1. For region 76-92, name all the residues that are in a helix (DSSP H, G or I) and exposed (fewer than 13 other Cβ atoms within 10 Å of the Cβ).
2. When region 31-49 is examined, which residues are found to be surrounded by fewer than 11 Cβ atoms within 10 Å (Cβ to Cβ) and either of a type in the set (Ser, Thr, Tyr) or over 18 Å from Asp86 (Cβ atoms) (or both)?
3. Quickly run through region 41-80 and pick out the residues that are under 19 Å from the mean Cα position of the chain (by Cα) and free of Cβ contacts under 8 Å to residues at least 24 places away in the same chain.
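Readers should treat all values here as calculations from the given coordinates under stated rules, not as data from a laboratory. Only a predicted model underlies this, so the values are computations on that prediction, with no experimental measurement involved. With ideal geometry, Cβ positions are generated from the backbone for all residues, glycine too; neighbour counts draw on all protein chains shown.
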Amino acid sequence: MSGVAIAIACALLAAAAIIFIFWVGPEASDLAPHRTELDRLIERRDAIYENLRDLRFEFRAGKFSEKDYEEIKQSLEIEAARVVADMDRLTGGAPTPATRQAAAQRVHHS
């Protein structure tokens, strides 16, 4: 390649870089607000509920003994109640019986 071709290639590359930097606008995700604590709790609650549904299905399919099923189910229910209690705390919602139970168990485990 001759020196002129290299200079033209470098100029084109520099122009492309400048256009990319200043011409390309931000994506919608760049402008979206970051996840809040409430968003994280909602996702966690939904994941726990899905785990409970899966657990029930797997128990009915014979993959768990009744004792194991009850222990895992109780653990997931307690965790769900804690998450809902945290959601109530963030939103100022009135506590439900489940959230009062979770709060009582949190005191016992602390």
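1. Leu90, Thr91
2. Leu31, Ala32, Pro33, His34, Thr36, listed by residue number.
3. Answer for region 41-80, where residues must be under 19 Å from the mean Cα position of the chain (by Cα) and free of Cβ contacts under 8 Å to residues at least 24 places away in the same chain: Glu43, Asp46, Ala47, Glu50, Arg53, Asp54.
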